[in-house]
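S.K.: This is the structure I want to talk about, given as structure tokens.
The values are calculated or read from the model by the stated rules, or taken from the named source; none is laboratory data. Because the structure is predicted, anything quoted here is derived from the model rather than measured. Backbone-built Cβ (ideal geometry, glycine too); neighbour counts: all protein chains shown. With ligands, DNA and RNA removed, areas are computed over all heavy atoms of the protein, side chains included. Shrake-Rupley method; radii C 1.70, N 1.55, O 1.52, S 1.80 Å.
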Amino acid sequence: MTVSTFAAQPYPLEYDAARTALIIIDMQRDFLEPGGFGEMLGNDVSLLRSAIEPCRSLLEVARANGLLIIHTREGHRPDLTDAPPSKLARGRSAKRIGDHGPMGRILIRGEPGHDIIPELYPRAGEAVLDKPGKGAFYQTDLYLMLHNRAIKTLIVCGVTTEVCVHTTVREANDRGYECIVPADCVGSYFPHFHATALDMIKAQGGIFGWVSDSASVIDALAA
Ligand code: C5J
């Protein structure tokens with residue numbers, strides 16, 4: 001075991017690269033691309049797109065260092081049997097999950113908008129985890145994947161900071177994982193939620209985890 005340290009808040013985080021995974025949450029075309037579902041709902045997707053380049057740099061270093069890499073996608077079966085009626089009804093918007101959107105059926109597995117953006121596209125051999133909920137542990141085999149590789153530390157990136165990233169960090173924290181979130185590798189349509197969500201993670205001595213930045217995490221992994 002080789003112990004290294006990530007510079008982070010509220011204090012440096014010790015980790016073993018062999019027991020560390022990079023998890024990239026929901027960097028999907030429908031959330032991030034102009035013309036997608038996110039923009040159709042009136043959101044400014046540039047607020048999410050700023051996370052792409054830092055994520056790409058971190059992904060490259062994680063690949064070079066042999067970290068376990070897991071990409072997630074939020075979405076549902078075409079027949080919507082795995083989508084709670086409350087989620088389908090939410091927002092009362094003109095377009096809902098399963099309806100036809102600019103990039104195919106919205107948040108449906110196999111549709112173009114559901115897939116991961118080209119900049120961060122998974123390589124052969126990297127795990128892609130389809131999740132029906134916000135948290136990456138909910139109704140997936142993520143726990144099994146991490147347990148079988150004796151993973152202890154999770155570097156959590158992706159979108160959106162206060163929704164799927166936060167839910168996953170909370171789920172991971174309750175299961176005993178130490179999560180570090182590079183602030184520039186996560187994004188939200190709501191800058192104040194983004195800032196507060198990061199503050200909440202590192203508050204009270206790191207109640208949910210640690211907050212860092214891509215440069216610090218990359219420096220540590222590449223050292
Ligand atoms: C994610 C969402 N990925 N905002 N989903 O955060 O509904």
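S.K.: State yes or no: is GLY101 crowded, with 19+ Cβ neighbours inside 10 Å and more than 30 Å from ILE201 (Cα to Cα)?
M.R.: Yes, satisfied.
S.K.: Starting from segment 200-215, keep only residues that are among the acidic types (Asp, Glu), then list their pairs with residues that are in a helix (DSSP H, G or I) whose Cβ atoms are within a distance under 9 Å, requiring at least 6 positions of separation or different chains.
M.R.: The qualifying pairs are ASP213/PRO54; ASP213/ALA183; ASP213/ASP184; ASP213/CYS185.
S.K.: Find the residue count for segment 68-98, including only residues that are on the phi < 0 side of the Ramachandran plot, open to solvent by less than 70 Å² (accessible area, probe 1.4 Å) and more than 16 Å from the chain's Cα centre (by Cα).
M.R.: Number satisfying all stated conditions: 9.
S.K.: Would you check which residues across segment 28-56 are basic (Lys, Arg) and surrounded by 21 or more Cβ atoms within 10 Å (Cβ to Cβ) and list them?
M.R.: ARG29
S.K.: Let me ask something additional. Which ones in segment 178-223 are open to solvent by less than 30 Å² (accessible area, probe 1.4 Å) and part of a loop (DSSP other than H, G, I, E, B)?
M.R.: Correct list: SER188, GLY209.
S.K.: Pull up segment 1-27, narrow it to residues that are charged (D, E, K, R) and touching a residue at least 24 places away in the same chain (Cβ under 8 Å), then point me to the one that is surrounded by the fewest Cβ atoms within 10 Å (Cβ to Cβ).
M.R.: ASP16
S.K.: May I pose another question? Can you pull out the residues in segment 159-176 that are under 13 Å from ALA136 (Cβ atoms), outside any helix (DSSP H, G or I) and more than 7 Å from the ligand (Cβ to nearest atom)?
M.R.: ARG175
S.K.: Another question about this same structure. Is it the case that ARG63 is on the phi < 0 side of the Ramachandran plot, more than 14 Å from the chain's Cα centre (by Cα) and modelled with pLDDT under 95?
M.R.: no
S.K.: Could you grab the pairs with beta carbons closer than 6 Å, sequence gap of 6+ or different chains, first residue in segment 28-42 and more than 16 Å from ARG105 (Cβ to Cβ) and touching a residue at least 40 places away in the same chain (Cβ under 8 Å), second one more than 10 Å from the ligand (Cβ to nearest atom) and in a helix (DSSP H, G or I)?
M.R.: From residues that are more than 16 Å from ARG105 (Cβ to Cβ) and touching a residue at least 40 places away in the same chain (Cβ under 8 Å), the pairs are LEU32/ARG49.
Every residue, every condition in (1) among the aliphatic types (A, V, I, L, M); (2) away from the ligand (no atom under 13 Å from the Cβ), yes or no:
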{"residue": "GLY35", "(1), (2)": "no, yes"}
{"residue": "MET40", "(1), (2)": "yes, yes"}
{"residue": "ASN43", "(1), (2)": "no, no"}
{"residue": "ALA62", "(1), (2)": "yes, yes"}
{"residue": "ASN65", "(1), (2)": "no, yes"}
{"residue": "ILE69", "(1), (2)": "yes, yes"}
{"residue": "THR72", "(1), (2)": "no, no"}
{"residue": "GLY75", "(1), (2)": "no, no"}
{"residue": "PRO85", "(1), (2)": "no, yes"}
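S.K.: Now for a separate question. What number of residues within segment 127-158 are under 15 Å from ILE201 (Cβ atoms), part of a strand (DSSP E or B) and either at pLDDT below 95 or within 14 Å of the ligand (Cβ to nearest atom) (or both)?
M.R.: Residues in segment 127-158 being under 15 Å from ILE201 (Cβ atoms), part of a strand (DSSP E or B) and either at pLDDT below 95 or within 14 Å of the ligand (Cβ to nearest atom) (or both): 3 in total.
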